[in-house]
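*Asks:* Handing you this structure, nothing more for now.
The values are calculated or read from the model by the stated rules, or taken from the named source; none is laboratory data. Just so it is clear, the model here is predicted, and its values are computed rather than measured. No Cβ is skipped: glycine too gets one built from the backbone with ideal geometry, and neighbour counts run over all protein chains shown.
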Amino acid sequence: MAKDKTQLLRLRCIDYENREGMQCGSMAGQGLSLLRWLMLAVILLLPGCGGLRHEEASLPKVASEKELAMLGHTIQVGAFAKLDNAVRLMQKLDGLGLDAYYYRHASGLYKVRFGDYPSRKEAESRAVELRKAGVIEAFYLVAPEQSAAAKFRRYQSGTLRKMLVSTAEGFLGIPYEWGGESAETGFDCSGLAMTIYKLNGLNLPRNSKAQFQAGSPVRREDLAPGDLVFFATNGDSMVSHVGIYIGNGSFIHASKKGETIRQSSLRNGYFEGCYVGARTYLGKDDG
């Protein structure tokens, strides 16, 4: 571990040399000032970045393909002008063990969806039960064949990728509040990724670690729009943050509580250092 950190320190030092003309070597041999070494130590101690190794070097050039299951029938409820109302309903449904998620409709209203039912009959039965219990009011059933995945997945995955990016862009600027697994903070970045995929008919797992395991590894130079990029931001090598890649080295993610969903660059120093790897859930475009 100490060797890894020394090597990382040397790499960081080389980076400083390239940008600022610093002469780098061993501490004793080169006599760097204490201040400079303290600056480098701070870099190493940034959350999630110190000594982190990502998996790029061990990946095959051609990744095996894993496919997500198609989402079944879902239930859509609400049409809220205020985001807070959609969040409250989502959290209420979450409390009942339902993986609910909200989104902003083209009309500007916020709507909530939940469920993954094998038949329309089962989805309707559950919705009627929840309505009788006073949990929901009017509802709308969304059939699997209505999704982008059903329309484009097999022969036009490039089109499906564009739909995923378009859905992600629709969340930009929205404060993202998430219940469930992160109830103590009211926030979970993996909920955004799950929502984007489910709105397009693909049953992506809810937790970022499960999302990482569900996809096929992909090299950074082979990233395509719609793939997910993962980071370790808790000071270790465990996946703890995820975003959706949109092309040109950029990704969309829910940064942290109290901030809106935003676009960031993989070339950003922080994300560069905390990058773990990427996963794809779609094949190459055959259309």
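*Asks:* Could you look through segment 160-178, keep only residues that are surrounded by 20 or more Cβ atoms within 10 Å (Cβ to Cβ) and under 17 Å from Tyr101 (Cβ atoms), and pick out the one that is modelled with the lowest pLDDT?
*Replies:* If we take residues in segment 160-178 being surrounded by 20 or more Cβ atoms within 10 Å (Cβ to Cβ) and under 17 Å from Tyr101 (Cβ atoms), then Trp178 is modelled with the lowest pLDDT.
*Asks:* Next question. Looking only at segment 79-136, count every residue that is buried (at least 19 other Cβ atoms within 10 Å of the Cβ) and among the small types (Gly, Ala, Ser) and tell me the total.
*Replies:* The qualifying residues number 5.
*Asks:* Kindly establish whether Ala150 is within 19 Å of Asn203 (Cα to Cα), in contact with a His (Cβ under 6 Å, 6 or more places away or on another chain) and either hydrophobic (A, V, I, L, M, F, W, C) or not in a helix (DSSP H, G or I) (or both).
*Replies:* Criteria not met by Ala150.
*Asks:* Could you tell me whether segment 143-157 includes any residue that is touching a strand residue (DSSP E or B) at 6+ places or on another chain (Cβ under 8 Å), surrounded by 17 or more Cβ atoms within 10 Å (Cβ to Cβ), within 22 Å of Arg88 (Cβ to Cβ) and among the hydrophobic types (A, V, I, L, M, F, W, C)?
*Replies:* Scanning segment 143-157, I find no residue that is touching a strand residue (DSSP E or B) at 6+ places or on another chain (Cβ under 8 Å), surrounded by 17 or more Cβ atoms within 10 Å (Cβ to Cβ), within 22 Å of Arg88 (Cβ to Cβ) and among the hydrophobic types (A, V, I, L, M, F, W, C), so the answer is no.
*Asks:* Scan (1) without any contact (Cβ under 8 Å) to a residue 12 or more places away in the chain; (2) on the phi > 0 side of the Ramachandran plot for the single condition Glu129 breaks and write down its number.
*Replies:* (2)
*Asks:* A follow-up question, please. Hey, which of the strands (runs of 3 or more DSSP E) in segment 221-275, taking only ones fully inside, have at least 2 residues that are among the hydroxyl-bearing types (Ser, Thr, Tyr)?
*Replies:* 262-265
*Asks:* If you don't mind, another one. Is there any pair linking a residue in segment 156-170 that is assigned by TED's automatic domain parsing to the domain that holds Cys189 to one that is among the hydroxyl-bearing types (Ser, Thr, Tyr) and at pLDDT below 95, with Cβ under 9 Å and at least six apart or on different chains, and which?
*Replies:* Cβ pairs passing all conditions: Thr167/Tyr103; Thr167/Thr195; Gly170/Tyr103.
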